[in-house]
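A short worksheet on the structure shown next.
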Amino acid sequence: MDDLSKLREEIDSVDKDLVRLFEKRMEYVLKIAEYKKQHNLTILHKTREEEVIKRGLQSLNNKNFEGALEEFLNSLMKISKELQNQLLSSYEKNKIVIGFQGVPGSFSEEALIEYFGDDVQRKAVEHFEDVFIELKNGKIDYGVLPIENSSTGAISEVYDLLNKYDFYITGEVCLKVAQNLLGIKGAKLEDIEEVYSHPQGFSQCSEFLKHCPSWTLIPYLNTAKSAEYVKKQNNKKLAAIGSKRAAKLYGLDILKPSINFNSNNTTKFVIISRDMKEDSYNNKISVVFSTSHKVGSLYNVLRCFAENYLNLLKIESRPLQDKPWEYFFYVDFEGNLKDETVQLAIEAVKNNSRYFKILGNYKKFDENY
């Protein structure tokens, strides 16, 4: 055996010891994470990290390796912190409760799963406002609500509720929505007399439905609830508009798939919580404001964004309930609340508005992410 082979054998032996010691260290790291969870302590302990590095450098015989050892210890502690964060995040994820309007199988539940994963606690409520009420009463930690559809536009009730309650948008997710005609086992298209769906479902499938003028369209709470109702009635004359997941959950047949007229039919959902989410990666801001009812008022507000080179993503208007022909304006624009240009723009908007409210600063949905 040559000298190189012997040296490599020595390294292999040392690496084996390193792996064993690494595994042992990580086991202690997880035990510390358990302790921190029980005593509500933070992961980061800067003083402790500095002590570990200092002690390591003092124990080093060959001082030529000081830089390499410091880098090694920093990497090791970074790995340890990430492992502890993963453990604590899994605990928190299992503890949080997410509210959505509808029943299992609804598109809101699908959006919830898309954003939070399938292993969180979910709470279904009957109406959009119930999500806000549950959040207000501390029964849920987050809510998931549809806010806009690419075929039928804004969901006005949700916009109004965002302004009514003092909660914040903390995220968004877009879900491609395929609407299907669902019926009980054995039903055929020629059997159908009544169709149940949320009004948005009817709107998204208007082109298909206009070819079936004899059908009675009955608005219902939501598409999944419609599927549940049709299943309970067990009547071949009844059908629902809903998702494939709803069909599977409620044991219905898909009588006609993909009946929405827009093949790229997509619904945007927002995530709401009691607290504003402040992160450096947030790149979208939602606000609502109202202006004086006179010439140039809206222009004076909108130019605040242009003058600060902020890109507007959307503007939506909703009527003021007590003032006919006057409006709230909901605006989405790119930026982070910590940016100086954003702060300048917001201050200018406030100065030109009668009413102003920040609805949230969050990460814009990226379909490629």
**Item:** Test: residue 268 is charged (D, E, K, R), assigned to a loop (DSSP other than H, G, I, E, B) and open to solvent by 30 Å² or more (accessible area, probe 1.4 Å)
**Value:** no
**Request:** Run down 261, 269, 365 and say which single residue is closer than 30 Å to residue 112 by Cα, aromatic (Phe, Trp, Tyr), touching a helix residue (DSSP H, G or I) at 6+ places or on another chain (Cβ under 6 Å) and at pLDDT below 95.
**Result:** 261
**Prompt:** Restricted to region 105-123, and to residues that are of a type in the set (Asp, Glu) and under 20 Å from residue 243 (Cβ atoms), which residue is surrounded by the fewest Cβ atoms within 10 Å (Cβ to Cβ)?
**Reply:** 118
**Fill in**
Within region 280-296, the count of residues that are at pLDDT 85 or above and surrounded by 12 or more Cβ atoms within 10 Å (Cβ to Cβ) comes to 11
**Item:** Output for region 297-308, where each listed residue is open to solvent by less than 10 Å² (accessible area, probe 1.4 Å) and of a type in the set (A, V, I, L, M)
**Value:** 301
**Prompt:** Does region 328-351 hold any residues that are in contact with a Ser or Thr (Cβ under 9 Å, 6 or more places away or on another chain) and among the acidic types (Asp, Glu), and which are they?
**Reply:** 332
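Of all the residues that make up region 321-344, how many are touching a Gly at 6+ places or on another chain (Cβ under 8 Å) and surrounded by 16 or more Cβ atoms within 10 Å (Cβ to Cβ)?
1
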**Asked** From the list 81, 31, which one is part of a helix (DSSP H, G or I), open to solvent by less than 70 Å² (accessible area, probe 1.4 Å) and either farther than 30 Å from residue 265 by Cα or at pLDDT 90 or above (or both)?
**Response** 81
**Close pairs from region 127-142: first farther than 15 Å from residue 164 by Cα and outside any loop (DSSP other than H, G, I, E, B), partner open to solvent by less than 70 Å² (accessible area, probe 1.4 Å) and of a type outside the set (Ser, Thr, Tyr), Cβ under 7 Å, at least 6 apart** = 142/96; 142/98; 142/271; 142/272
**Item:** Contacts under 6 angstrom Cβ, first residue in region 186-208 being among the charged types (D, E, K, R), partner open to solvent by less than 40 Å² (accessible area, probe 1.4 Å) and part of a loop (DSSP other than H, G, I, E, B), 6 or more apart
**Value:** none
**Asked** Scanning region 227-249 for residues that are among the polar types (S, T, N, Q) and either free of Cβ contacts under 8 Å to residues at least 40 places away in the same chain or more than 26 Å from residue 175 (Cβ to Cβ) (or both), which turns out most open to solvent (accessible area, probe 1.4 Å)?
**Response** 234
**Prompt:** Quick check, is residue 126 within 12 Å of residue 173 (Cβ to Cβ), charged (D, E, K, R) and surrounded by fewer than 17 Cβ atoms within 10 Å (Cβ to Cβ)?
**Reply:** no
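The values are calculated or read from the model by the stated rules, or taken from the named source; none is laboratory data. Quick caveat: nothing in here was measured; it's all calculated off a predicted structure. Using ideal geometry, Cβ is built from the backbone for each residue, glycine included, and neighbour counts are taken over all protein chains shown. Protein only, heavy atoms only, side chains kept; ligands, DNA and RNA dropped before computing areas. Shrake-Rupley method; radii C 1.70, N 1.55, O 1.52, S 1.80 Å.
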